[in-house]
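Novice: What follows is a single structure, and I will ask about it in a moment.
Computed from the coordinates by the stated procedures, all read-outs in this text should not be read as laboratory data. Note that the coordinates shown come from a computational prediction; the quantities given were computed from them, not determined experimentally. Glycine also receives a Cβ, built like all others from the backbone with ideal geometry; neighbour counts cover every protein chain displayed.
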Amino acid sequence: METDLESLRRTRGRAGLGVADHLKRVLPVKTINIEVEYELQYWSRALGVGREDLLAAVAAVGADARAVSRQLGKG
């Protein structure tokens with residue numbers, strides 16, 4: 001049985017896609033769980049904003065990480 005990594009290696013050259021491109025197509029949309037402290041820390045660092053700004057953005061647009069990034073002017 002082929003693993004995901006083997007599948008990525010096999011299809012990368014043929015489709016001209018990198019691993020990041022492939023993962024964007026196959027992984028579900030990331031959400032920000034504000035109830036979990038380590039997620040708040042991770043997303044604050046990843047988006048380069050403080051905790052309060054992150055919480056305000058999630059309150060404004062919901063937990064979808066892409067929407068939050070756009071709300072913060074990061075994406």
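Novice: Only four residue types carry charge here, +1 at the Cβ of Lys and Arg and -1 at the Cβ of Asp and Glu. Report the dipole size of the range 31-75 about the Cα centre in Debye, rounded to the nearest 20. Kindly include the intermediate steps, with their values, before the conclusion.
Specialist: On the way: 5 positive and 6 negative charges, 52 e Å.
Once rounded to the nearest 20, the dipole reads 240 debye.
Novice: Also, I was wondering about something else. Quick one: length gained pulling residue 74 to residue 59 fully straight, 0.36 nm per residue minus the C-alpha distance? Walk me through the numbers before you get to the answer.
Specialist: Values: separation 15, 0.36 × 15 = 5.40 nm, distance 1.67 nm.
Roughly 3.7 nm would be gained on extension.
Novice: Let me ask another. Can you give the extra length, in nm with one decimal, that the chain gains between residue 46 and residue 33 once fully stretched, where that is 0.36 nm per residue apart less the Cα-Cα distance?
Specialist: 3.3 nm
Novice: Sort 72, 47 so that the residue with the fewest other Cβ atoms within 10 Å of its own Cβ comes first and the one with the most comes last. Before the final figure, lay out the partial values.
Specialist: Numbers: 72 17, 47 20.
Sorted ascending by nearby Cβ count, the order is 72, 47.
Novice: Something else about it: For a quick check: with amide H placed at 1.01 Å from N, whose amide H comes under 5 Å from residue 64's, ignoring anything fewer than 5 positions away on the same chain?
Specialist: Distant-sequence amide H within range of residue 64: 32.
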